[in-house]
1. Build a GNM of chain B with springs between Cα atoms under 10 Å: which of B:T37, B:T136, B:T155 gets the top mean-square fluctuation?
2. For segment B:1-127, what is the per residue volume of the convex hull drawn over the alpha-carbon atoms, in cubic angstrom?
3. Roughly how crowded by other chains is peptide B:294-300, in terms of the mean Cβ count from those chains within 10 Å of each of its Cβ atoms?
4. Residue by residue through segment B:192-199, what is 3J(HN,Hα) from phi via Karplus (6.51 cos²θ - 1.76 cosθ + 1.60, θ = phi - 60°)? Round to whole Hz and write x for glycine and proline.
5. Given the peptides A:736-743, A:754-761, arrange them by the average over their residues of other C-beta atoms within 10 Å, most packed first.
6. What Rg and what Dmax come out for segment A:409-487 when only alpha-carbon atoms are used, in angstroms?
7. If all Cα-Cα distances of segment B:93-146 are sorted into 10 Å bins from 0 onward, what percent lands in each bin, rounded to whole numbers?
8. 222 nm [θ] for chain B, helices only, -39500 (n - 2.57) per DSSP H run of 4+, per residue, to 500?
Amino acid sequence: MSTAPACLPPPGLPGLDPRWSVVVEARDADGVSRSWHVLDTHADGPEEDIRLTVLCVHGNPTWSYLWRSVLASAPADVRVIAVDHLDMGFSDRTGTVRPLAQRVADLGSLTSALGVVGPVVVVAHDWGGPISLGWVLEHQDEVAGVALLNTAVHQPDASRAPSVIRVARATPVRHAATVLTPAFIRGTTALSGRRLPPDVAAAYSAPYRSADARAAIGDFVADIPLEDDHVSAGTLEAIAEGIRALTMPVLLLWGPGDPVFSDRYLHDLEERLPQADVHRYEGARHLVIEDAPALVADLWTWISDLRAGGAEQAADDRAGSAQVDRPMWAALAERAAADPDGLALAEPRDGSWRRIPWALLDANVARLASGLAAEGVRPGDRVSVLIPVGADLIAVIYACWRLGASVVVTDAGLGPRGMVRALRSAAPDHIVAVPKGLALVRLAALPGRRIPVSRLVEIARAGAALPLPAGPGLDDEALVAFTSGSTGPAKGVVYAHRQLQATRDLLQEHYGLTPDDALVAAFAPWAVLGPALGIPSAIPDMDVTAPRTLTARAVADATRQVRGTLMWASPAALTGVLKTASALTDDDLAALQSLRYVLGAGAPVSAAILHGIQRLVPGASVRTPYGMTEVLPVCDVVIDDIDAAGPGPGVLVGNPLPGVEVRISEVDGEGRARGLLSDAPGVLGEVAVRAPHRKVRYDRLWATERASSRDAGWHRTGDVGSLDERGRLWIAGRLAHVITTVDGPIGPVPVEQAVERIPGVDRAACVGVGPTGAQLVVVVCVTGGREEGVANLALTDDVRAVTGLDVAAVLLRRDLPVDIRHQSKIDRRAVAEWADRLLAGRR
Amino acid sequence: MRILVTGGRGLLGSAVVTELLHRGHNVLSFQRSPSGTDAHDVLGDITDPSAVAAAMRGADAVVHLAALVSMSGPLSDFERVNVGGTQNVIAAAQAAGVGRFVHVSSPSVAHVGRALVGDPGGRAEPDHARGHYARTKAVAELLALAADSEGMAVTSIRPHLVWGPGDTQLIARIAQRARAGRLFLIDHGAALIDSTYVDNAAEAIAQALDRATLPEVRGRAFVVTNGQPRTVAEMLGRIAAAAGCPAPRRSVPASLAKGAGSAVERAWSISGRAGEPPITRFIAEQLSTAHWFDQRLTCEALDWHPRIPLDEGFRRLREWFESLG
């Protein structure tokens, strides 16, 4: 191995300011002087104004270049230092092999030479993680926080080393792959999910152009201690255990698509550092800082919160509230005691109805709770349920709640890919599934212990002899549900028992439910609430993965079973009911008349559908609740009120329900909701909601959670709308779909509603093209024709007339892309991209 | 102010003269033949330095519009008029102690062939602009802006696709082709293009003259449009409708049109026929890629807003066609 002193990087590397580069001399642990290449925002600047130092430590086989955008976006009073390890980047080629302990010591001597004093925030990636954590353990008093990106300190039990590394470490392969050729560097930069621009990829390999220059990469890979007798194994173990005692704030930023440091390394770190804030960037891979454009800004937000004195999100106003803990299973137990043989649940089975009385359901839940606990399901564990809506699902969910486990609900509407992605992010400890679900889990190699539903009988039987576990606390996690993912990957939403109970109580109070009521549960997420409400439920015969298949006769059948008073269904399901209404017999029609409420939930329901349903059940109150996975319901509105209000600034969703507050944060000319929360009427802005039943947080999405909860106690919904003089909320679309014209922001929904009133227009999408703040309004119409492209002058004139806007172009399309789950939310981003391409003249 | 306007006979030139007169200025209109406006005409050629110098005497301000606008022709002609002519006007203005100089340019000086989508209007690119006209106008704009000095405030205004009643260039030709049934679309005419109704462009130029000495105006170039981009199909359809013709429906692919444009261009220059070729590569490109601009800075700096919307412009165009019978 040859030696060479540190040098400066060649000029012209993209994003790298040459003024940052310095060569620093420092004695290593053996007293030998070594030269280091370091990036330093204050390389020649005054040091007296420095309030914080951010120390960035790269891994293998990158170099300080990894951190260029952190340096570029540093506030003036923060010194950012990014080091090149010895034998790496442009630092000294020492001709030595440096095990982990020595690298930790090396970093210490370098920070002394650089005059680094606290407070320090350490940021590290890959094997920079163990090295910098070793440094942190020796400098705890100076460290204000630690941010780790795709790294590991420990080989999680019962798992083998990442296969990529195992192959790379096999000695002949290692030598060939890491020293003889630049393949390892190319391979690692290829581990980025985005294709790196060629000049950036070249910059990553700039220090490693010769075999000598690459030697340390080979040694670095060799120093990954996977065996217990490895020279660095003891050091790594000491670090891995030592960090359990750290008390400073920790941020884990993760690219889940990393074939090396997969999610299980994230979970290992979460277990060691329970205080950690976690953000998984869906779609990002090993070079998460390159793959996730928001990462650097998120990092600075986190650091600035640290500096603001911990900036704990203002105390949750609910935690201290005097909410009485009435468990989710309380009503079930009461009905079982009061009316043991009364009907709790009716579900179609083999052409007839399976009717389960309260006492049996209650007993099943208790036995399953004990049995699952005996199976190893512990309080706090996450249990994924891949079971169709029905008695099994309801029993498992209530059993999990009863024993203090949290339920992960992924409905089939996410599609198989979305479901796998959601399960990976939630990382359930156990998966209870029907054979189809198990097949998916096996195919995707999802972690978590698998429990087939076929074993539930046996588990319950075993549980019958066991004592009931102690129940959960009010603020223990109860549920992880997922957003529909119509604006990006589905997000996990965490609820505790407190919020679920509040949801139950709100529904009970708002709809005035008594034991005489009964639920016709055609809407999957809420189908399980009947036992919590203490009312019987009937599940109509339908394929829950295809809500459109719900028939009017199936609804009538289910209603008859329980003398249903309350029906929840998605718009697609209601459409199915209307389409098949002609098949209803007089008897069916009579059965339907017991319904007091019909609620079209999950997505906006068109007036035509609501009117159709109203004609079927003239005595019922036909309503559409408004809400989202994060807080449901927020408002609801009766169809008569929608009719009476007429056209307005969007979809009328009504007044907030009791205990729910709605405010608006005005949207500015750049489409940002920067306004203070206000209840002033007529202002277009992001809708914010405060309610006892809103989510606890997003799951492993720290930055998203922080943004959505930045007004303490409020949830920002991502919807835009306005309040009217009567305090009613009108929804105008999604914040991400706001069109920012020179004349101000425009919500797409009112424009689409106006255009859809033009005879011959079936469906319309309103989108913006062009730069933020100077966008043009474009309307895309579906008219039933085959033609796609520019609409004729007559339709163009009509669109401008009904909208009153200077619409730049009216386009025709055969259909509009919609979300998978509800089949109704327009994917306006896809429409905008299509329109943008067409109108730019690119093909 | 006593203002010299060069090129006062064209569609935009005569509108500028009228606007400046309306604002109470004393206007001299300099061009080769009578302008037909109410201004005092001074006849001459901008390629003649002494004629320009003579016209400039006593002027407080200059609006320089005169240029060779054509899709074809030898480079030397464009250089002589657009570069040499501009040099003459600058030199004469400096010699005469003129305080304000508004140079009328074109967004094409910064257009290097990409689609322009909400473009803020970049720096003139003499080496990369498309075609002789745009390249020589790019050189001219750089020369003019370089002449901005303490004594003389220079501003460049770039109106995009100016049209209006009386237009013998663009509008008349489109109408003529529409009548002959030879108007077709390229790629279905979906590209968005900006245009400027002539009165709006004239008012922007007058505003630039008023505000030329302000720091946010002098030494800068501003794109001017109606702020209402439309698809090519709609623009051609509206013009045809104003002329009483049906909207074009036939379409050819852009690649074909560009190829045809180049071929025609070559044939045209070899055969030495006078006049304009029916389509050139430049036009094909213009009609198949987006050209629209973000003119927020323009509106703010000039304290100007396009007063006549497109609808009103097309209505006036129709009246004009009807008046022609």
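1. B:T37
2. Numbers: hull volume 16.4 nm³, N = 127.
For segment B:1-127, the hull spanned by Cα atoms encloses 129 Å³ per residue.
3. Per residue, the average neighbour count from other chains is 2.
4. 8, 10, 8, 8, 9, 5, 4, 4
5. On the way: A:736-743: 19.8, A:754-761: 15.5.
Going by the mean number of other Cβ atoms within 10 Å, highest first, we get A:736-743, A:754-761.
6. Cα only, segment A:409-487: 14.9, 48 Å (Rg, Dmax).
7. In whole percents, the pair-distance histogram is 25, 46, 22, 7, 1.
8. Working: 12 runs with 132 residues, N = 325.
Taking each H run of at least 4 residues, the total per residue is -12500 deg cm²/dmol.
The values are calculated or read from the model by the stated rules, or taken from the named source; none is laboratory data. Note that the structure is predicted; figures quoted are calculated from it, not measured. Neighbour counts run over all protein chains shown; Cβ positions are idealised from the backbone, glycine included. Ligands, DNA and RNA are excluded from the accessible area calculation, which covers all protein heavy atoms including side chains. Shrake-Rupley method; radii C 1.70, N 1.55, O 1.52, S 1.80 Å.
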